[in-house]
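The values are calculated or read from the model by the stated rules, or taken from the named source; none is laboratory data. Remember, it's a predicted structure, so these values are computed and weren't measured experimentally. Glycine gets a Cβ as well: all are built from the backbone with ideal geometry, and neighbour counts include every protein chain shown. These area figures cover heavy atoms from the full protein model, side chains too; ligands, DNA and RNA do not enter into them. Shrake-Rupley method; radii C 1.70, N 1.55, O 1.52, S 1.80 Å.
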Amino acid sequence: MRTRTVTACACVALLGLAAAAGACGSDPIASADTLDAEDSAAVDVLDTVTPDTVAPDTEIPDTVRPDTRDAADTEPTDTLVDPLTEDVIASHVDREDPPPPEPARCLAVDNGDAERAGIDSWRVVAGSFVAQKRTGAFAGNYPPAHGGTWYFRAGDAADSTMEQVIPLGDDAPVAVGSPLTALMSLWLRDYSGDDEAYFALAALGAAGAVLEERVAGPFLDEDWTRHELTLRLPEGTESVRVRLRGVRKKGDSNDAYFDDVAVCLYDGPPRGDIAELYAPPYLMNVTQTAVTVLFETRRALVAAVDYGEAPDALDQTVTDASARTMHELRLTGLAPGARHYYRVRYDDTALPTWDFQTAPPDDSDERVEFVVFADNQDGPEFFTQLKAQMAAFQPQFVLQAGDCVQDGHPVNFREEFLGPLFGLGNHAPIVIGAGNHETYDFAIVTSNEARALWNAYVAQPNDEHCFGFRWGPLFVMVIDTELGHAQGFPQYDECIEKTLQSPLAQTARFRTAIFHRPPLIEYWDSVATFSSPTSFFSAGMDAPDVRAYLAPLFEQYHVQLVFNGHNHLYQRVDAWPRTVTWLISGGGGGGLESGIPESRVNDWSPFVTKQVFGRHHFLHVVIDGDVMAIEAIAMNGEILDTWYTIAR
């Protein structure tokens, strides 16, 4: 069994050249009894001779130019470098975040942990607050403290607030231009996600006048969770005030709980806490000279991004025009094909400095390396592991072929996609071909609200659904197969065909496309429980217009390779209808196809070269000179398949 193990400093078990021409990857796939616990489902591999045949519902136009090459064209030879054998780990950059700055000193929050079994040193402003400890089911069933025995509970009033004022001591009053910044941290939770918790930090001047205040919340954490709030102290600050507030939404008890309240001072911006963001920073819409940084904050605020050509030379800044929760900041004036650095700032904090690369010039001969995945949707635990494997390659960009979420709701984007993507998406810009699940509400019904949410979380060229882009010798056509894509629809007539005809596509040495629905689906597990599985599948999950319209168009304009998702397995179709290769990589984290007979909806076996069930995986793609190499890598590092093509 071959495996791929990559770290930031080593690359183990690099592939040798394949032995057979055409479809490389002749090594056997491991049997099911060699798999790890996650990939315990059966594995089925179909190796067939691919005839130069057209499926019955596909017509190839007369305008197709003759092409004598097979889809896989060739494999590396003595004169063609195998991109997968080139060790480029030495060129990787160190991406370990530096340690956060240390506080100058911490202030004394008196009885900040309630361990005096009361609310001594705190002043109740509204409602009531009490010190609480764990109790049994017949005494309120209150949970245990975060640390120690006691914590604060917001009493029984509908709206309760208490506060404490803490002098700055020797730092008071704060001088003009001082960078002194206060950071308030605490742990909070509620009983069952019903009642709301808030906290606030204020700078007070002479006679207790409020100079500036920040409020965080509401929070509905059902487990103890650490939160932070920062405030650069304005001139004249003599003390800080911390406030805790609980708002009862259900029942008789105000179940907003607080523990371990602390305040520390920093000589400059402290490190921002990624956990305080709904969506950590990610990159999209990269070009030779620009990129977009996106992130989502819990409350509306004005954020900024500093950027430059070195980590210690972030000499350009772009700032939000107004306060908002969804931030989309465009970095411009960048050098083509170069490494750049940026950091995000908000609420007087700064996140670490990260790097990314811009697209190289179209005539560049430099090595291209990227990763592809799809259908991570409702499997964030598996996607997180695959993300780490993908990030270890330090790819220049990422392609995602749809179903990045299970449903089109903010919580899904945050928890299933953008949260787990962090560590990869903040370095490698991501390009997404929308899937069907991004359009669903919780009832698996297409909704306008879900479609609108796509535009909030995605920043891509054109209408964000259909466009083409170049990365040196590579052209990628991005299509949304959830929108009309047959001839006569605007996407086909005004975008797909015109873009494939353009010099952007036709001058590229490698022409590819990415979209969600593949043409040749054989198995669909969810139909196994239906009495008429084929009709159920064809009514909404099949892709006849891909076969009838897109496949002939790709032949006409010499697209060599198409990346798809939708089907939760790995599948390679060579030379269909004549010369195009199709790779389905639907194993990004969601539930997997089993390949059981009851789930079979079509028989495309004459065209399917390889099919692997039950394995979460991604694709690693490298272009070096005139050779493109692709390997499908499972979650345990096993190489499921390898494929090569040469430039046309």
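Annotation: amide H of LEU301 within the under-5 Å range of ARG324, THR325, sequence separation 5 or more or interchain, hydrogens built in the peptide plane.
Give the whole-number value, in cubic angstrom per residue, of the convex hull volume spanned by the C-alpha atoms of region 416-472. Could you put the intermediate results ahead of the total?
Values: hull volume 5.6 nm³, N = 57.
Value for region 416-472: 98 Å³ per residue.
Listed by chain and number, the aspartates and glutamates whose alpha-carbon sits under 20 Å from that of LYS249, ignoring those within fewer than 8 places in the same chain, are ASP156, ASP159, ASP190, ASP194, ASP195, GLU196, ASP221, GLU222, ASP223.
Legend: calculated FRET efficiency, THR225 to VAL176, from the Cβ-Cβ distance at R0 = 56 Å, rounded to 0.05, equals 0.90. Taking amide H positions as modeled 1.01 Å from N, with prolines and chain starts lacking one, the residues under 5 Å from GLY587 and 5 or more places away or on another chain are ALA374, LEU569, HIS617. Stokes-Einstein diffusion for region 323-412, with the hydrodynamic radius set to the Kirkwood value over Cα pairs and evaluated at 25 °C in a medium of 0.890 mPa s, equals 152 µm²/s.
Taken one residue at a time, the phi angles of region 562-567 give Karplus couplings (6.51, -1.76, 1.60, θ = phi - 60°) of 10, 9, 9, x, 6, 8 Hz. Gly and Pro are set to x. Projecting label points 7 angstrom from Cα along Cα→Cβ for ALA338 and ASP463 puts them 3.6 nm apart.
The mean sequence separation of alpha-carbon pairs under 8 Å and at least six residues apart, normalised by the residue count of region 537-648, gives a relative contact order of 19 percent. Couplings 3J(HN,Hα) of region 463-477, computed from phi: 8, 6, 10, 9, 5, x, 8, 10, 9, x, x, 9, 10, 10, 9 Hz, in residue order, whole Hz [Karplus 6.51 cos²θ - 1.76 cosθ + 1.60, θ = phi - 60°; x for Gly and Pro]. For region 347-451, DSSP calls about 10 percent of its internal beta bridges antiparallel. With the charge dipole of region 113-217 set up from +1 on Lys and Arg Cβ and -1 on Asp and Glu Cβ about the Cα centre, the Cα lying farthest toward the positive end among the listed residues VAL165, VAL210, VAL130 is that of VAL130. How large is Rg over Rh for region 442-529, taking Rg from the Cα atoms and Rh as the Kirkwood inverse mean of 1/r across Cα pairs? Using Cα coordinates only, the ratio equals 1.04. Based on Cα atoms of region 501-648, Rg over Rh with Rh as the Kirkwood radius reads 0.98.
Overall, the accessible surface of region 106-179 at a probe of 1.4 angstrom is composed of carbon and sulfur to the extent of 53 percent. Sorting the segments 327-333, 155-161 by their residues' average number of neighbouring beta-carbon atoms within 10 angstrom, most packed first, yields 155-161, 327-333.
Applying the Karplus relation 6.51 cos²θ - 1.76 cosθ + 1.60 with θ = phi - 60° to region 417-424 yields 3J(HN,Hα) values of 10, 6, x, x, 5, 4, x, 10 Hz, where x marks Gly and Pro.
Once the convex hull of the C-alpha atoms of region 260-305 is built, how many Å³ does it hold per residue, rounded to a whole number?
On the way: hull volume 5.5 nm³, N = 46.
Convex hull of Cα atoms, per residue: 120 Å³.
Find the relative contact order for region 377-438 and round it to a whole percent, using C-alpha pairs within less than 8 Å whose residues are 6+ positions apart. Rounded, it is 48 percent for region 377-438. For the peptides 120-130, 427-437, the ranking by packing is 427-437, 120-130, with the highest mean count of neighbouring Cβ atoms within 10 Å listed first. With the cut-off at 1.5 for a/c, could you classify region 267-426 from its C-alpha gyration tensor as rounded, prolate or oblate? Oblate is the answer for region 267-426, as a/c is 1.5 or above yet b/c matches or exceeds a/b. Where in region 428-456 is the amide nitrogen less than 15 Å from a point lying 7 Å along the Cα-to-Cβ axis of HIS92? Answer for this model: 428.
Each 10 Å bin from zero holds the following percent of Cα-Cα pairs in region 322-371: 17, 41, 28, 12, 2. Can you list the residues of region 451-473 with backbone N under 16 Å from a point 7 Å past the Cα of GLU494, pointing along Cα to Cβ? Within reach of a label on GLU494, which here means backbone N under 16 Å from a point 7 Å along Cα→Cβ, region 451-473 contributes 461-468.
At 4 °C and 1.567 mPa s, grab the translational diffusion coefficient of region 412-562 from Stokes-Einstein with a Kirkwood Rh over Cα pairs, rounded to a whole number in µm² per second. The Stokes-Einstein estimate is 76 µm²/s. Modelled spin-label separation between GLU102 and ASP267, with each label point placed 7 Å from Cα along the Cα-to-Cβ direction: 1.2 nm.
Where the convex hull is taken over the Cα atoms of region 554-635, what is its projected area averaged over directions, in nm²?
Values: hull surface 24.9 nm².
That works out to 6.2 nm².
For SER538, the accessible area of its heavy atoms, probed at 1.4 Å with every protein chain present, is near 70 square angstrom. Taking 0.36 nm per residue of separation and subtracting the Cα-Cα distance, full extension of the segment from ASP312 to ILE274 would add 11.5 nm.
Projecting label points 7 angstrom from Cα along Cα→Cβ for ALA290 and ARG134 puts them 5.6 nm apart. Please list the non-local residues whose amide H lies under 5 Å from the amide H of ASP641, H modeled 1.01 Å from N, same-chain partners needing a gap of 5 or more. Distant-sequence amide H within range of ASP641: ALA632.
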